[in-house]
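Each reported figure results from applying straightforward, stated rules to the coordinates on display, with no laboratory input. Worth saying up front: this structure is predicted, and the values here are computed from it rather than measured. Heads up, the Cβs are rebuilt from the backbone with ideal geometry, glycines too, and the neighbour counts pull from every protein chain shown.
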Amino acid sequence: MFEIVYDFKLTSAEREKLDEAWNPGGYAAFLVNDYYSWPKELYHACVNGSIDKIVNAIPMIMRYQNLTLGEATKRLAQIVLEYEKEFQHKLDDLAKDPTISLDLHRAIELLPLLLGGNHLWSTRSPRYHGLPADSETILAKFTKDCSFTELRAFNHTSSSHTDSLENEYASDECIPEEV
């Protein structure tokens, strides 16, 4: 698709080299989505009673690295930056090859702009921002000190199982104060 949109003619070998360089950039783009979409995903999970069904890197980092919500959010930002640096390093190495075609060189110059544009869009898009009016009340239950266990124990909808979990484990606090 990339080649069609920008009218690049790359050989299969060039495409392979570019794909290898793009991989960490792609990971960064996906994880930027998780960083900025987290408050909205958490809000909707609370409203729908589906905290366990959130597919986002933040609760995964909380669980597997035993971090609080605030620590996991910061760790995700670090991971994104690490992938972006690796991406740029790979592109720089590829650009040093004197045998690359003009189209591959153009692609190397374009990819960082695409990644940066994705990041900028994520900071402004209504897809990630503009929560409903009741979100402040619902998300106030979460602070940066929330653990994975506390996060999983919370559920906005009532059920006897959920109520018992809330009474036993839930904190009154758990979302990053600053995203």
>> With an 8 Å Cα cut-off and a minimum separation of 6 or more residues, compute the relative contact order for region 2-131 in percent.
In response: 39
> What is the spin-label model distance, in nm, from Arg124 to Met60 if the labels are put 7 Å beyond Cα along the C-beta direction?
Replying inline: 2.9
> With r defined as the distance between the Cβ atoms of Asp134 and His89 and R0 fixed at 45 Å, what FRET efficiency is calculated, to the nearest 0.05?
Replying inline: 0.50
> So how far, in whole Å, is the C-alpha centre of region 73-103 from the one of region 112-141?
Replying inline: 25
> Within region 1-146, how many lysine pairs that are 8 or more places apart, or on different chains, have C-alpha atoms less than 24 Å apart?
Replying inline: 17
> Relative to the compact globular guide of 2.2 N^0.38 Å, what is the alpha carbon radius of gyration of region 2-131, as a ratio?
Replying inline: 1.26
>> Can you compute 3J(HN,Hα) from phi for each residue in region 136-151, using the Karplus curve 6.51 cos²θ - 1.76 cosθ + 1.60 with θ = phi - 60°, rounded to whole Hz and x for Gly and Pro?
In response: 4, 5, 5, 6, 5, 5, 10, 10, 5, 8, 5, 8, 4, 4, 5, 4
